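Peer 1: Provided herewith is a single structure, encoded as structure tokens, for subsequent inquiry.
Nothing in this text is a laboratory measurement; each read-out follows from the coordinates by a stated rule. Predicted model, so just to flag it, every value in this text is computed and none were measured. We place every Cβ from the backbone using ideal geometry, glycine too, and count neighbours over all the protein chains shown.
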Amino acid sequence: MTKFPKLSQKLILEAKKGYHQFMSEDLIKLDHEKKLYDVVGIQIKTKAHITLNNLFEILKWRQPALPGHFKLNNEKRVKEISKYAYKTQDEEIRVAVLTLIKGVGLPSATRILSISNPELYPTYHKMGWLVLKKWNFLEEEYGLNTNKWIQYLNSCRTIMEKYSISGRELDQILIATYLKHNLNINLQKFVPLDEFL
């Protein structure tokens, strides 16, 4: 087994290219991701809240089968919860409040944050955690709680600042690095991303 690569500028450039090669194999997912960041994210940032339609688009991004309790939301509930989340300056409260929306767990809450502010937020997933652990930015095991998210976010922001990259770029780098170096997957071959998140 080859040695896991160290974080470097060269690896960042390789992983960015690898992510785009990987995603280009599924143009529907690539188009959906582009729409989320280029259209939906701007709508959310401008309004400082999400709509039920925004939520639907975000949840189906990496989770094609929507949770059944998603349907228990209404426009008013989603708007009120997300407005409150965007007003607070506390990162732990922000993500916890978003999970009050039915069908939104911690990973989905971080997707909402990343889509609306890709400069500051990566998404939270096990692949990213495992890569950060290999790079010695995290020591503990992955978990789905706000304390783990804050550890993950702080580690990501350290890397983002050092290498002058956005949260969205780092997310792509983490996914591509995991897929290429941990699973030894050729990025030219398509592997459904949802199997790993």
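Peer 1: Which residue, chosen from 9, 73, 182, occupies the Cα position most advanced towards the positive end of the dipole of the stretch 9-186, where the dipole is computed from +1 (Lys, Arg) and -1 (Asp, Glu) charges on Cβ about the Cα centre?
Peer 2: Looking along the dipole axis, the top candidate is 73.
Peer 1: With unit charges on the beta carbons (Lys and Arg positive, Asp and Glu negative) and the dipole taken about the Cα centre of the stretch 9-186, which residue among 46, 172, 147 sits farthest to the positive side?
Peer 2: 46
Peer 1: Tell me, which longest segment in the chain has none of the GluC sites (Glu not before Pro) that fall in DSSP loops with at most 10 further Cβ atoms within 10 Å?
Peer 2: Working: sites that count: 139, 140, 141.
Here the longest segment lacking exposed loop sites spans 1-138.
Peer 1: Taking trypsin sites (Lys or Arg not before Pro) as candidate sites, keep only those in a DSSP loop with at most 11 other Cβ atoms within 10 Å, then name the longest stretch of the chain containing none of them.
Peer 2: The answer is 7-188.
Peer 1: For the chain, what is the charge dipole size about the Cα centre, in debye to the nearest 20, if Lys and Arg each add +1 at the Cβ and Asp and Glu each add -1 at the Cβ?
Peer 2: In total the dipole reaches around 140 debye.
Peer 1: Just list whichever of 3/102; 17/148; 3/60; 79/148; 29/102; 29/133 have alpha carbons separated by over 32 Å in the model shown.
Peer 2: 3/102; 3/60
Peer 1: Just how large is the dipole of the stretch 107-187 about the Cα centre, in debye to the nearest 20, putting +1 at every Lys and Arg Cβ and -1 at every Asp and Glu Cβ?
Peer 2: Roughly 140 debye for the stretch 107-187.
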